[in-house]
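Taking it in order: structure first as structure tokens, then the write-up.
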Amino acid sequence: MRITHRMIANTVNFNLQSSLRRLEVYSNQLSTGKAFHKPSQNPVGVGRVMSYSASIDRNEQYRMNMNQSKGWLENSEDSLQNGLDVMQRIRELAIYGANESLTAEDRRAIAPEVVEFIDHLIGVANTESNGLYIFGGHQTAKEPFVRHNVYGIKEHYLEQSHQGYAAYDAGELQEGTANREIGLEFVVDGEKHSVTALSGGADTDVTFDNIKNAVEGHAKLGQYFSVDGNEDNMIISRITPGDFTIEAVTAEAGTVIENLDEDTPVDVLSADQNIESLSGISPNSFLAGEYHILTEDTDAAYAVDTATRHYQYSQSGDNLVSSVEATTASHNQSVSFVVTGVDEEENEITFSYQYKEMDPGDGTIAADTGTFTVDLDNTEPFAIDIGENTYELTFNDDGEFTAGDRLVINTNAAIDNNADLVHLYRDGDTPSFFTYAFEDGTLNAGTYSFEFFSLDQDSGALLESSMDLTWGTGAFETGDDPDTPAAGFLIEQLGKGGTYADRVEKISTEGLQNGTYRFEETSYTAEDDFESDIKVGQQYLQGSVASILTGSAAPDQVQLSANNNDRNASILLEVRSVDYDTGLVRYEYTSHEYEMDGTHHRESGTFTLTLGGAPTQAVNIGNIAVDVDGLDNLLASDARGLEVGDRAVVDIRPAMNDGATYQRANISGEYRGGSSETRFIFNEDALQGSETDLRFFSLETFRRSPEHGRVYDGSITADDDTLELLRLPQNQEFKYDRSGFPVYYGDSEDRIQEISPHQEVIMNLHGEKAFGEYQDVFEAVYDVYWALIDNDREALGGEALGKMDRAIDDLLENISQVGARSNRVEAMESTLFNENIHLREVRSNIEDIDIALVITEFMMQENAYRAALSTANMMMQPSLVDYMR
Amino acid sequence: MTIFGSFEIGRKALRAQHKGMEVSGQNVANANTPGYTRQRTDMESVVAPMVKNPSMAPGRGVVVADVVRVRSEFYHKQLISTTSNKEYWDTRYETFLGAEAIFMEPEDYGINKYLNDFFDSWQELSSSPEEASVRAGLRENAISLTRTVQDVYHRLDDQIENLENELSMIVNDVNRISDTIAELNEKIRFIDTMQEKSNELFDQLDLAIEELAELVNINVHRQANGTVEIFSGGRLLVQEDRSFHVSLGDGGEKGLQVVSSRGLPLQLSSGKVKGLLDAVNEDLPGLQNELNKLITVLVKDFNELHRQGYAYDSDKTGIDFFKPMDNKGVPAAMAFAVSDAIIEDGSNIAAANVAFAPGNGNNSLEIARLRDLKSPDRLGGASISDYYQAMITSMGVEAQDSERMVGAFEKTLGQLQEMHESISGVNIDEEMLNMVQYQHSWHAAARYLNYVDQMLGVLFTELGR
């Protein structure tokens, strides 16, 4: 082949180029350490490197997860270990307390130490890790265990202070007249304030306003103050108009002073001694709510009185009658007149009336209806016999009458000296609106049935209610004993024996508590419209701090009423979200419903209400249609406001309006701190037969566990009206005061973490697992505490100790479980660590260069390059031209 | 033959040797001129006219029959088609190099890295749903991911636009070269009519054809008079002194294409133009489509799961994590963005699968598991990461293939050029030898004339005395 000089030049050039290109590749590899840095250099290699890098990164993330899991688990383990130590100390105290040689005082002296340990234990249960509460399940943002006491003092309640009002113990204070000078001295933030002239002495008015004014501006909710120079500190609890609650506590929050000594000025303010309990009687309509019955012994003759107790309604706004007088009244009576026709030509009107009356001698109830016609031209008082009473009515001849105009007259029979009076009044209302008078000595031991009815002021609808009241065996006595109130009934308070009190406890359904319950069964015949409007709204605020639904008429409260309901129900309501911009409040409910034949349903769901909207809003709670009233007031200035988590329990009874016979099952409980009663009404058939199984339930506001309430099983025999004692399923009796008992606000959720693609670990121990589904650990400790206080040596050595041992066993099991998880995580961690080393090795094999090899290659290539250069130099030099001269 | 005829032999010899010297000089002078083809002087002896005794007639001297270009048409044709192929693969290689630079894999700034970070953030959130900083970190990682994807997509768009601009310039080049060839045809035809020829014009013609071959694949038909007809992709580009301009046209679904003056598309198979067309019509949009497909699935999967979860410690649910795709013109990758609700408030990230559970990260865990989710009805059964990695791998394979093809054609081209040079190149040594030969022949011819002159002198001086 012919060779030209250009070919040589081209070849040299080409060879130099390719040499240089290879040199560049090697130098790039040497300077980065990587065999390639573009996908095209090794497409499959790049794909694998990317995939390995992803795995390595993810494993790193898993290792971070594991570290966190380990942190939680170790933290849980340490905390539980800590709790275990405390439990063992308490156990030792219990064993020591069971020592026969100890006296009651010795045992009581141990109790404060137990209290200290309880505090410590609750601190353990509220352990935080990095700002999160590790025992709260998924509810890590708030303290899972919150101590409540029965008086509603709770830390976060105190923070959201409404206004600084003061209050203290000894029941409910009514406005009235004091017979002693009342002063307040209180300490705010360490500084003493005093108000000496709350009332200027005997016969000075004590009103809520002047108490409020005295304290306002000085004290805030939750602060301590002392009264009238006494050194005992008081906690300010709350005041709402009409319901003035004063709680006396020692400086140690939550401990109720049970026996104030006689010199304690708190007595000064107790209702029975200083403030007239009742004044005036006003015609109020029935409203849904809790009612108090107050029984009273009068030492004066009780004359017939109707004047202040009649209520009339006319569409024209005029009065129907200008005066009402009962000329003879031997019976307690409530009468309603309704104008049924107006004859303008004859100037006559027709009335229909219905009444109920009660014989004050024996309590017999009678009812009837009738009509009559009135000639309005006759200006003489119109006399009419209604039942056993005779009235004189003076009709207003100037008035315009329209069909539908109404008149209600409530009358007490004329009674001799020393009559007994029964008042019914609604919580928060000025007492009272209806009174029954009995002849002296007729209110003997036994169960009395009181029936009340009146007209609704707005709708004119007939409202009726009834109430049973059981007097104890002690019978009514007037007390010569100076320690007993001047007026009062002997009322059997269940489980406490007979004692004097100024009135019967509220009738309310406060939810079933642990304890011993009595069961009572009564047979009923429903009369017309009996219970046609269900009174609901018995509130239960235990453990909660803001009322969400109550039966009282205070401005920040609402009431529920069920329409045409045919079920018994117990409903737990909880506020789940509050939006004050839109006024929307979302409630969640859980309810147990029983049909009249005893069929049980479990319902849950949500509904939304609008605050400040329509005053009445209809919602469905399970299968029960409910009207919620008073919502327009909820945004009023005095409203305390709703908070997420507020809860209430509402118990509902069915309407019984068909005249049929029903049976009623009452369950009443006894436990420290009060009694409760829940009633169920069933079809007559439902309770027939030799033995019927019934479940009694009431929902608890305490817990959020899926089953919310507690259900108690029992059985009754329908034809046997003796009382039976129901025992709790667990056969447990809880004697302690729930005050201060921690309530679990967390949930029972596991916190799951992925620690490898196919492995999960639960990194937490939620509160119900760690401390028992019913806070068994705390219950055990409280049992020891109360056994010490009660000087119950037997329990200390037996039942309480057994509970402690079970709780300690459970704790030990939890500790070992957490430890095992922690170990598993550790094992996984080392596996993962090894895997990552392996992955890095593999990745390195793919993407990293063998430096020795590349350097060798580089050197060889460099030599080749040099050779090419010198060859070119030698080749290009000579040519024939040089040799031709 | 008369004695004066003998002078004629000498004169012809002088002229022929001089011509030979001139051609060698031209060769040496153009030894480094691109496209120059070595020329060779073809001499032949002049035959004596018919006489009685032919053996007595030595012929009438020498004459230059032709100055020819020494070249091989076969190699030239090979050269042209190889040039087209080499340029085609070169362009493709550059396209993929550009795409690689855009995707920046496997470096630390590529989508893969952000995708990994993003998934890791969900893992982290599942174990620390309460921590606002983890939520913020997740949100930032999500924003980085969306921005990176948008950036990659945007830069692919830019590259497509740049290549389209280049394409239209190159199409102009094609037309310019066609014009040049048409002009050269005209000149060659004109000289040919005068029974002449110009080797230099033929060199220029070959050069122009080679230049054109770089841009488009062509077929060259040589005519008897030395002019050429040129076809490309089945369409006529140059015929005699006419050139037919091509232009860029929109081929609808086929994307851009080059069309002839009559509007018919050129069926190109190689050349730079074909490489660019492939890049803007298929390769780069293909990458974009893959990316869109990936993002569409990603957004759909994430939102589906995220909507089932609950925001931090609330009952807010049904929140989209990414802005939902409305499929209205905007490519998925460009519409890829974190939703406003998440941007506004990190606590809207739905880590929990139940309401009001601040410590619940179960939904976050579910979402983190999307990383490995393989389902036959999406992404062809690949997980999101796998799909992306496969996409990068196949892009790398394409680039690598192109690079190999470029290497192969470069080598072939080198060999062909070498063969061409071997035949048509100037070897200076050879030309030196030729020049020495011509010089000697010229000296000898001159000497011959001297002798003939002396012979004639003898006749004139001796005989006339």
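Here is how the numbers come out for the structure above:
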read-out	value
Segment A:330-384, subset part of a loop (DSSP other than H, G, I, E, B) and farther than 26 Å from A:Asp398 by Cα, residue nearest to the chain's Cα centre (by Cα)	A:Gly363
Residue in segment A:802-811 that is within 14 Å of another protein chain (Cβ to nearest Cβ) and within 28 Å of A:Lys142 (Cα to Cα) present	no
Where B:Ala132 falls short, out of the listed (1) in contact with a helix residue (DSSP H, G or I) (Cβ under 9 Å, 6 or more places away or on another chain); (2) over 30 Å from A:Glu754 (Cα atoms); (3) surrounded by fewer than 16 Cβ atoms within 10 Å (Cβ to Cβ)	(2)
Selection status of A:Leu853, within 30 Å of B:Glu107 (Cα to Cα) and within 14 Å of another protein chain (Cβ to nearest Cβ)	no
Top-ranked residue in segment B:350-360 [being under 60 Å from the mean Cα position of the chain (by Cα) and buried (at least 24 other Cβ atoms within 10 Å of the Cβ); ranked as farthest from B:Ala311 (Cα to Cα)]	B:Asn360
Any hit, segment B:179-193, residues being assigned to a helix (DSSP H, G or I), closer than 15 Å to B:Val258 by Cβ and hydrophobic (A, V, I, L, M, F, W, C)	no
So B:Ala65, is it surrounded by fewer than 19 Cβ atoms within 10 Å (Cβ to Cβ) and within 11 Å of chain A (Cβ to nearest Cβ)	no
Unmet requirement for A:Asp810, which otherwise passes all of (1) buried (at least 17 other Cβ atoms within 10 Å of the Cβ); (2) touching a Gly at 6+ places or on another chain (Cβ under 7 Å); (3) closer than 30 Å to A:Arg58 by Cα	(3)
Breaking point among (1) more than 9 Å from every other protein chain (Cβ to nearest Cβ); (2) surrounded by 21 or more Cβ atoms within 10 Å (Cβ to Cβ), for B:Leu370	(2)
Positions within segment B:113-133 being touching a Gly at 6+ places or on another chain (Cβ under 7 Å), within 8 Å of chain A (Cβ to nearest Cβ) and either in a helix (DSSP H, G or I) or of a type in the set (Lys, Arg) (or both), in sequence order	B:Ser126, B:Ser127
Residue that is nearest to the chain's Cα centre (by Cα), among those in segment A:572-609 that are over 25 Å from B:Asp315 (Cβ atoms) and part of a strand (DSSP E or B)	A:Glu593
Hits in segment A:128-147 (condition: at the interface with another protein chain (Cβ under 10 Å from one of its Cβ atoms), more than 18 Å from A:Ile752 (Cα to Cα) and in contact (Cβ under 8 Å) with a residue 60 or more places away in the chain)	A:Lys142
Number of the condition not met by A:Val818 [criteria: (1) without any contact (Cβ under 8 Å) to a residue 60 or more places away in the chain; (2) touching a helix residue (DSSP H, G or I) at 6+ places or on another chain (Cβ under 9 Å); (3) of a type outside the set (Ser, Thr, Tyr)]	(1)
Number of positions in segment B:259-284 that are surrounded by fewer than 16 Cβ atoms within 10 Å (Cβ to Cβ) and assigned to a helix (DSSP H, G or I)	1
Some residue of segment B:338-349 being under 30 Å from B:Thr95 (Cα atoms), within 48 Å of the chain's Cα centre (by Cα), more than 11 Å from chain A (Cβ to nearest Cβ) and surrounded by fewer than 17 Cβ atoms within 10 Å (Cβ to Cβ)	no
Odd one out for B:Val259 among (1) among the β-branched types (Val, Ile, Thr); (2) over 20 Å from B:Tyr93 (Cα atoms); (3) out of contact with any Pro (no Cβ under 7 Å at 6 or more places or on another chain)	(3)
Number of the condition not met by B:Ser394 [criteria: (1) more than 10 Å from chain A (Cβ to nearest Cβ); (2) surrounded by fewer than 23 Cβ atoms within 10 Å (Cβ to Cβ)]	(1)
Extreme residue, surrounded by the fewest Cβ atoms within 10 Å (Cβ to Cβ), among residues of segment A:94-118 that are touching a residue at least 40 places away in the same chain (Cβ under 8 Å) and under 34 Å from the mean Cα position of the chain (by Cα)	A:Arg108
Top-ranked residue in segment B:96-110 [being buried (at least 23 other Cβ atoms within 10 Å of the Cβ) and assigned to a helix (DSSP H, G or I); ranked as nearest to the chain's Cα centre (by Cα)]	B:Phe96
Flag for A:Met875 being within 14 Å of chain B (Cβ to nearest Cβ), among the aliphatic types (A, V, I, L, M) and surrounded by fewer than 16 Cβ atoms within 10 Å (Cβ to Cβ)	yes
Segment B:166-199, residues that are of a type in the set (Ser, Thr, Tyr) and surrounded by fewer than 17 Cβ atoms within 10 Å (Cβ to Cβ)	B:Ser168, B:Thr193, B:Ser198
Out of B:Val280, B:Val273, B:Val220, B:Val228, sole residue that is at pLDDT 90 or above and over 30 Å from B:Leu201 (Cα atoms)	B:Val280
Test: residue in segment A:65-78 that is within 16 Å of A:Ile808 (Cα to Cα) and away from chain B (no Cβ under 14 Å)	yes
Condition met for B:Lys197 (part of a loop (DSSP other than H, G, I, E, B) and farther than 21 Å from B:Ser81 by Cα)	yes
Residue pairs meeting the criteria (Cβ under 8 Å; at least 6 apart or on separate chains; first more than 8 Å from chain B (Cβ to nearest Cβ) and closer than 23 Å to B:Val70 by Cβ, in segment A:1-28; second outside any helix (DSSP H, G or I) and of a type in the set (Lys, Arg))	none
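A quick yes/no check of all residues on (1) among the hydroxyl-bearing types (Ser, Thr, Tyr); (2) assigned by TED's automatic domain parsing to the domain that holds B:Ala31; (3) part of a helix (DSSP H, G or I):
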site: B:Lys411; (1), (2), (3): no, no, yes
site: B:Gly414; (1), (2), (3): no, no, yes
site: B:Met419; (1), (2), (3): no, no, yes
site: B:Gln437; (1), (2), (3): no, yes, yes
site: B:His440; (1), (2), (3): no, yes, yes
site: B:Tyr448; (1), (2), (3): yes, yes, yes
site: B:Tyr451; (1), (2), (3): yes, yes, yes
site: B:Met455; (1), (2), (3): no, yes, yes
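The values are calculated or read from the model by the stated rules, or taken from the named source; none is laboratory data. If you're wondering where the values come from, they're calculated on a predicted model, not measured in any experiment. Ideal geometry is used to build each Cβ from the backbone, glycine not excepted, and the neighbour counts take in all protein chains shown.
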